[in-house]
Structure formats: C-alpha cells, structure tokens
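K.L.:
Before I ask anything, here is the structure I am working with.
The values are calculated or read from the model by the stated rules, or taken from the named source; none is laboratory data. None of the values given here were measured: they were computed from a predicted structure. All Cβ positions, even for glycine, are placed from backbone atoms using ideal geometry, and neighbour counts span all protein chains on display. All accessible areas refer to the heavy atoms of the entire protein, side chains included, with ligands and DNA or RNA removed. Shrake-Rupley method; radii C 1.70, N 1.55, O 1.52, S 1.80 Å.
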Amino acid sequence: MIVGKDVDWTGFELRRARMVTRLRQMGITREEILQAMASVPRHVFVEEALRSRAYDDMSLPLGMGQTISQPYTVAIMTQLLFAKRSIESNQRILEIGTGCGYQTAILQALKIREIYSIERLRPLHERAKQNLRAVRLLAQARLVCGDGYLGLPNEAPFDGIMLTAAPKEVPLALLQQLAVGGRMVLPLDEGGVQFLWVIDKTAKGFQETCVQKALFVPLINDN
Ligand code: SAH
C-alpha cells in the first residue's frame, strides 16, 4: 500500500529532477552544481504551506520580510563563484545572508571544506540550523548570527565570498577578507536597480565584472 508520505516524497523527487533539467536549459553547465541541486531537498527549506512550489523557478517568502532565492539564482551565483577554479581548491567560503540555509546546503553538498554563513536575524539563523540538521548538511557549515557587513575577520581570508542580499556599496571589510586569487559574487543596488557583480582579487588589485540584472532583498546596514 502506498502511504501519503511516500506519494509526497516521489512528487518532490520528480519536481526536483525537472528543476535540474530546467537549470541545464537555462545555462547551468557545471555538473557538480547540478548534482548538488539534485541532491538537496529544497522543499525542507521552505514553509510547509509553500512546499508544493519549492521547485518552481521563483523566490518564495521566508517570513520576516525575507525570501529564499529562486533556484536559478542560487545555481548561477554558485557557478560564478567557482567559475575560475576547481571547486576542490575553494576551501573556505563565506556566505552573507543565510536565510533558510538553502544556499549553505548547496555549498555543503559541493563538499566545501569550511563554510561560514552569517545571518543578522536570529529566528532565521536558528531555522537555518534546524533545516541543515534536518537534511544532515550541517557538518562543515559554521552558522553565525551577526552583521554580514563586518564579515568574519578572525576566519579570513576566504577563497570565495557570496552575498545573497544587496548592499548599495561593496562592503570594504569583505574586500579585505578575500584571499588573493579569491572571488566575490554579489548583487549591488545601484539607485534602485540591482546588478550581479563578480569581483576577483588579484595580486595587482581588484577586477570587477557586471554579469546581469538581479533582484535580492537589501543587505541591512546597522552601522
Ligand atoms: N541565502 C539565502 C537567501 C536569504 S535572503 C537562501 O538560500 O535562502 C537574504 C538574507 O540576508 C535575509 O535572511 C536577511 O535577513 C539577511 N541579511 C540582510 N542584511 C544582513 C546583514 N547585514 N548581515 C547578515 N545578514 C543579512
């Protein structure tokens, strides 16, 4: 006999497989990233009432005015972060804006050795921990409740820094905490319009590339 829970689970697996097919069609080519997205049960990270939409290509409300990024955004940001180097050579990654922890779970599924993620709202920080524990993807992730503008100077330098909320200017502390050879991916709010940027730190300085339009919640500056 098929019980309700099993039927649901099959439905989610099918929807997740379709999401991955769609991501491929949208230009996500890195196999490791597609595999990570195929392995993480995204529906666990969204509120129960919204679970049926967890695999649609849309952002969803997380509560407290925040959103979980749409699957394509998570995939393209991850692909950009690791575009220049093998994923294995990226040992230490810092994420700003943990939210529900889905992006953190993708980094964990990619087997990044040290993942740090900062969230300023304690209820979301706690929920992300719960979610990551529920899918058994908390092992390498260190979740911090605090101000992402400041980064984590004691843990720097980072091979990659990813912002999932948009500041109006690139936070200086985060540029300083990027390793030489490291890469930052972030949305920047330029007078109400957001663009996704990639910033590479080289021995000679910073190289900045604008990638595409973006839509993120603001990075709140409490300073
Ligand atoms: N990466 C998340 C996206 C969450 S939305 C996911 O996968 O779902 C962005 C998050 O950034 C929100 O939870 C918001 O509270 C948080 N945020 C905004 N300003 C911040 C700041 N200064 N420091 C840390 N987190 C911040």
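K.L.:
Heavy-atom accessible area per residue, the range 10-214, 1.4 Å probe: how many Å²?
P.N.:
So the range 10-214 comes to 45 Å² accessible per residue, rounded to a whole number.
K.L.:
Using amide H atoms built 1.01 Å from N in the peptide plane, name the residues 5+ places from L62, or on other chains, whose amide H lies under 5 Å from its own.
P.N.:
The list, which skips near neighbours in sequence, is T67, I68.
K.L.:
If the elastic network links every pair of Cα atoms under 10 Å, which of I96, I87, I68 fluctuates the most in the Gaussian network model of the chain?
P.N.:
Result for the chain, Cα springs under 10 Å: I87 fluctuates most.
K.L.:
Would you mind telling me which residue in Q35, Q108, Q25 has the biggest mean-square fluctuation in a Gaussian network model of the chain, where springs connect alpha carbons within a distance under 10 angstrom?
P.N.:
Fluctuation is largest for Q25.
K.L.:
Between G182 and residues 5 or more places away or on another chain, which pairs have amide H atoms under 5 Å apart, with H built 1.01 Å from N, and which residues are they?
P.N.:
Those qualifying (amide H under 5 Å, at least 5 residues apart or on another chain) are K201.
K.L.:
So what's the net charge close to S86: Lys and Arg +1, Asp and Glu -1, counting the other residues with Cβ under 14 Å from its Cβ?
P.N.:
Surrounding charge for S86 is +2.
K.L.:
Can you tell me the FRET efficiency between T21 and R133 if r is taken as the Cβ-Cβ distance and R0 is 35 Å, rounded to the nearest 0.05?
P.N.:
According to the calculation, E is roughly 0.75.
K.L.:
Turning to a different aspect of this structure: Going 7 Å from the Cα of A179 along its beta-carbon direction, which residues of the range 65-103 have the amide nitrogen within less than 20 Å of the resulting point?
P.N.:
78-96
K.L.:
For Q212 and E47 in one chain, what is 0.36 nm times their gap in residues minus the Cα-Cα distance, to one decimal in nm?
P.N.:
56.5 nm
K.L.:
Taking the Cα centre of the chain as the origin and placing charges on Cβ (Lys, Arg +1; Asp, Glu -1), which of G192, L110, Q212 is farthest toward the positive end of the dipole?
P.N.:
Comparing the listed Cα positions along the dipole, L110 ranks first.
K.L.:
Okay, moving on. What is the extension gain from L14 to D200, computed as 0.36 nm multiplied by their sequence separation minus the C-alpha to C-alpha distance, in nm to one decimal?
P.N.:
In short, 63.2 nm is gained.
K.L.:
Of all the accessible heavy-atom surface of the chain, with the other protein chains kept in place and a 1.4 Å probe, what percent is carbon and sulfur?
P.N.:
Answer for the chain is 52 percent, counting heavy atoms of protein chains only.
K.L.:
What distance in nm separates the simple spin-label points at K84 and E169, each placed 7 Å from Cα in the Cβ direction?
P.N.:
About 2.3 nm separates the two model spin labels.
K.L.:
Could you tell me the calculated FRET efficiency between E126 and S39, based on Cβ-Cβ distance and R0 = 30 angstrom, to the nearest 0.05?
P.N.:
About 0.80, to the nearest 0.05.
K.L.:
Follow-up. Report, in listed order, any pair from K168/K213; K111/K213; K168/K201 with a Cα-Cα distance greater than 26 Å.
P.N.:
K111/K213
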